[in-house]
Amino acid sequence: MPTDIKTIQLLRGQNQGVFTRIIECSVVKHYQVNEAISWQADHCEFVYFILKGEVEIYRLSPAGREQILDRLGQGSCFNLVPALLENAPNQANTRALTACKLLALGKSDFGRMLKEYPEFALAVTRFFAERLARMTDLIETLSLYSVRQRVAKFLIDQADAIEKNGSIRWTQTDMAKRLGTVRDVLGRTLRKFADEGLVRFEREKIMLLDRKGLKKAAMGEE
């Protein structure tokens with residue numbers, strides 16, 4: 001059994017039978033940087049587990065504008081929603097941000113495992129609850145918060161994520177796509193934060209200097 005399957009968060013605490021079954025039913029797929037993994041509206045074939053690398057999930061507007069929905073690293077999984085819906089297409093596009101090694105579990109095998117292993121089904125239910133909470137937060141942020149608030153909240157969230165899971169690199173263009181704005185507006189907001197002593201730019205990194213001040217900015221307090 002590949003040792004890297006033990007890094008999959010969804011499988012933590014599962015019995016040996018679940019691991020064995022996934023290995024038996026899955027195929028390992030490798031992707032290069034920027035290579036497409038799946039396309040929105042295509043027929044769903046697999047649930048993916050990230051053994052190595054980073055993946056970006058995004059959608060495109062009719063005009064071609066990107067909205068980054070999420071970035072996932074080693075130990076994460078994706079494409080579970082369409083795998084549980086009958087004849088559902090993929091709900092977003094996915095591409096490799098780095099060289100990736102993925103474990104691809106067929107949609108039908110995934111469904112059978114949910115019926116055969118109740119503890120695995122419970123873990124998937126918890127996964128969906130966490131994802132729903134994150135998507136609800138994203139919708140709230142994009143619709144109810146100013147760009148200044150969104151950027152402040154994003155910087156705090158990313159700092160926390162780095163401490164917990166390690167770094168996933170975001171360019172300013174990527175940040176703008178995630179936050180529903182454009183790079184010029186994002187750049188002005190970041191420079192304003194630097195002028196206020198909240199952040200510092202250091203070797204293509206944004207260092208948080210005043211977390212309390214950023215929290216106030218995220219809440220809309222001056």
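The table below gives the values:
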item: Estimated [θ] at 222 nm from DSSP helical runs (n ≥ 4, -39500 (n - 2.57)) normalised by residues in the chain, nearest 500; result: -14000 deg cm²/dmol
item: Of all accessible heavy-atom area on the chain, the percent that carbon and sulfur account for (1.4 Å); result: 51 percent
item: Largest-first ordering by accessible area, 1.4 Å probe, given options VAL28, VAL185, VAL151; result: VAL28, VAL185, VAL151
item: In Hz, Karplus ³J(HN,Hα) per residue of the stretch 50-67 (6.51, -1.76, 1.60; θ = phi - 60°; x = Gly, Pro); result: 8, 8, 8, x, 10, 10, 10, 10, 8, 10, 10, 7, x, 7, x, 7, 8, 10
item: List THR125, THR7, THR94, ordered by accessible area with a 1.4 Å probe, largest first; result: THR125, THR7, THR94
item: Average accessible surface area per residue within the chain, 1.4 Å rolling probe, Å²; result: 56 Å²
item: Mean separation of Cα contacts under 8 Å (6+ apart) over length of the stretch 40-111, as relative contact order %; result: 49 percent
item: Mean Cα-pair separation over length for the chain, i.e. relative contact order, pairs under 8 Å, 6 or more apart, %; result: 20 percent
item: Rounded to the nearest 10 Å², the accessible area of LYS177 at probe 1.4 Å; result: 60 Å²
item: Spatially close lysines, pair count over the stretch 1-135: Cα under 16 Å, gap of eight or more or interchain; result: 7
item: Using alpha-carbon coordinates, inclination of helix 183-195 to the longest axis of the chain, degrees; result: 60 degrees
item: Estimated inter-spin distance, GLN91 and SER143, nm [label 7 Å along Cα→Cβ]; result: 1.5 nm
item: Residue-level accessible surface for ASP70, protein heavy atoms, 1.4 Å, Å²; result: 10 Å²
item: Cα centroid separation, the stretch 15-57 to the stretch 79-125 (Å); result: 8 Å
item: Read-out P(r) over Cα pairs in 10 Å bins from 0, in percent, derived from the coordinates shown; its label in (i) 7, 30, 33, 20, 9, 1; (ii) 9, 35, 37, 17, 3, 0; (iii) 8, 27, 29, 21, 11, 4, 1, 0; result: (i)
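The values are calculated or read from the model by the stated rules, or taken from the named source; none is laboratory data. Keep in mind that this is a model prediction, so the values were computed, not measured. Quick reminder, even Gly has a Cβ in these numbers, built from the backbone with ideal geometry, and neighbours come from all protein chains shown. Just the protein is used for accessible areas: all its heavy atoms, side chains included, with ligands, DNA and RNA removed. Shrake-Rupley method; radii C 1.70, N 1.55, O 1.52, S 1.80 Å.
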